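> I'd like to ask you about the structure that follows.
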Amino acid sequence: MQNRTLYLLTIQDTATTALPRKRVWIHARTHPNEVQGTWVTNQIIAQLLGTSQMARQLRSGCVFNILPMINPDGVELQRARENADNIDIESNWTAVPGEPEVQTLRAMFVNLMSLPNPIRIALNMHSAYGTDRYFVYHTATGTTAGYAAVEQRFINAVRSYFPGGIRPYDFFASWTSAPSQVYPESWFWKNCGESVLALTYEDMNDASAHAFDSTANAILRGIADELGISGSTNVPAGQERPATFALEQNFPNPFNPVTTIGFRSPGNGLLNPEPGTQNPGLDPRNPEPETRDQITGTLHVKLSVYDLLGREVAVLVDEPKEPGTYNVPFSAWGLSSGMYVYRLSAGRYAQTRTMLLVK
Ligand SMILES: [Zn+2]
């Protein structure tokens, strides 16, 4: 290693009171010769700092953490894919955990995921050898049907803002079975499950690469749609569709005796139920009525608290819920100090977390 500084940009409008802001993570330039991923990232930064309505709404509704160059040593040394230690830090999260770039990213992820507003979308910016722009998606067998559908929805949204510019969602698959933590995205999948939409974006790594501004704009509009930021779609407040199913860490934790548990329910449908199909005459922002009905369908949600012997000590939610974000208070009067487990189930989704009561 050569100890060059890693710079982290945080972009948000702290003058607004719309808290907590939805967190977006972007890092770029893992691979030194993939300069186009940096150029798209630079455009994302420039547009986020601009005066457009989209930029203003993204800055007030979101916080962007952007690490534009994770491998400056490799760039300075003109490596192709490696850092100063000749390690490809993209695909070696497990094999070389001691590399400073890997340690830095991991520490950032762990820290940001522990916040009350953890990362919702994480993008890993690259460029591949060719003349295509695409996202590296994850199959339902390698993740879950729900997660794959959210990836598809996000990619379709981005594509709708740059028609013809970005390949369909299923152009290039990453892991197709349960992964180890080889990539940043697989770290997110293994540690955070469906709560983080983590994707690699690949720009064109070719002399014909162009339209970095259009690409950046489409990505930002896709993020706005996915997070229910009204800049691009004018979705009324409170009616935005949630990114995905998620059970959040209770806050505060440890607690005594009251805490709050946040979760997101996905509702009973998906934006594009037919994978890969899109009617070219259809405005993707105004899907057909039956699709819209599915998006707003309720889903039965149950949120329970268990002690470490598996006994259900509280039922906090047990009813159909519209898609959306919910915060449920939990009061542990009458319970003794110790670790408790809380579990959220909704249709085919389920997630469990632990919390610590200290009296
Ligand atoms: Zn790459």
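> Out of (1) away from the ligand (no atom under 16 Å from the Cβ); (2) surrounded by fewer than 18 Cβ atoms within 10 Å (Cβ to Cβ), the odd one out for Gln152 is which?
That leaves (2) as the condition not met.
> Name the residue that is nearest to Asn253 (Cα to Cα), counting only residues in the range 103-130 that are within 16 Å of the ligand (Cβ to nearest atom) and out of contact with any Pro (no Cβ under 9 Å at 6 or more places or on another chain).
So, considering only residues that are within 16 Å of the ligand (Cβ to nearest atom) and out of contact with any Pro (no Cβ under 9 Å at 6 or more places or on another chain), the one nearest to Asn253 (Cα to Cα) is Leu123.
> Next up: Checking Asn3 against (1) crowded, with 17+ Cβ neighbours inside 10 Å; (2) away from the ligand (no atom under 16 Å from the Cβ); (3) at positive phi, which test does it fail?
Just one mismatch for Asn3, condition (1).
> So, one more: Has the range 73-80 got at least one residue that is touching a residue at least 60 places away in the same chain (Cβ under 8 Å), out of contact with any Ser or Thr (no Cβ under 9 Å at 6 or more places or on another chain) and within 14 Å of the ligand (Cβ to nearest atom)?
no
> Search the range 39-93 for residues being of a type in the set (Val, Ile, Thr) and more than 22 Å from Tyr129 (Cβ to Cβ), and hand back the single one that is surrounded by the fewest Cβ atoms within 10 Å (Cβ to Cβ). Full working, then the answer.
First, the residues of the range 39-93 that are of a type in the set (Val, Ile, Thr): 40-41, 44-45, 51, 63, 66, 70, 75, 87, 89.
Those still in the list that are more than 22 Å from Tyr129 (Cβ to Cβ) too: 44-45, 51, 63, 66.
Working: Ile44: 27, Ile45: 18, Thr51: 6, Val63: 22, Ile66: 21.
Looking at the filtered set, the residue picked out is Thr51.
> Still on this structure, I have one more. Can you find a residue in the range 169-186 that is under 12 Å from the mean Cα position of the chain (by Cα), away from the ligand (no atom under 16 Å from the Cβ) and of a type in the set (A, V, I, L, M)?
no
> Of everything in the range 55-77 that's among the polar types (S, T, N, Q) and either at pLDDT below 95 or not assigned by TED's automatic domain parsing to the domain that holds Val24 (or both), which residue is farthest from Ala218 (Cα to Cα)? So that I can check it myself, show each step before the final result.
Within the range 55-77, the first condition is being among the polar types (S, T, N, Q), and the residues that meet it are 57, 60, 65, 71.
Checking which are either at pLDDT below 95 or not assigned by TED's automatic domain parsing to the domain that holds Val24 (or both) leaves us with 57, 60.
Working: Gln57: 15, Ser60: 19 Å.
Taking the candidates together, the pick is Ser60.
> Could you go through the range 87-96 and let me know if any residue there is within 16 Å of the ligand (Cβ to nearest atom), free of Cβ contacts under 8 Å to residues at least 40 places away in the same chain and more than 25 Å from Met204 (Cβ to Cβ).
yes
> Let me confirm something: among Glu99, Glu34, which residue is charged (D, E, K, R) and at pLDDT 95 or above?
Glu34
> Right, Phe109: farther than 19 Å from Thr215 by Cα and of a type in the set (Phe, Trp, Tyr) or not?
yes
> If you don't mind, there's one more thing I want to ask. If Val35 passes every condition in (1) closer than 20 Å to Ile166 by Cβ; (2) surrounded by 20 or more Cβ atoms within 10 Å (Cβ to Cβ) but one, which one does it miss?
Unmet for Val35, out of (1) closer than 20 Å to Ile166 by Cβ; (2) surrounded by 20 or more Cβ atoms within 10 Å (Cβ to Cβ): (2).
The values are calculated or read from the model by the stated rules, or taken from the named source; none is laboratory data. Note that the structure is predicted; figures quoted are calculated from it, not measured. FYI the Cβ positions are ideal-geometry reconstructions off the backbone, even for glycines, and counts take in every protein chain you see.
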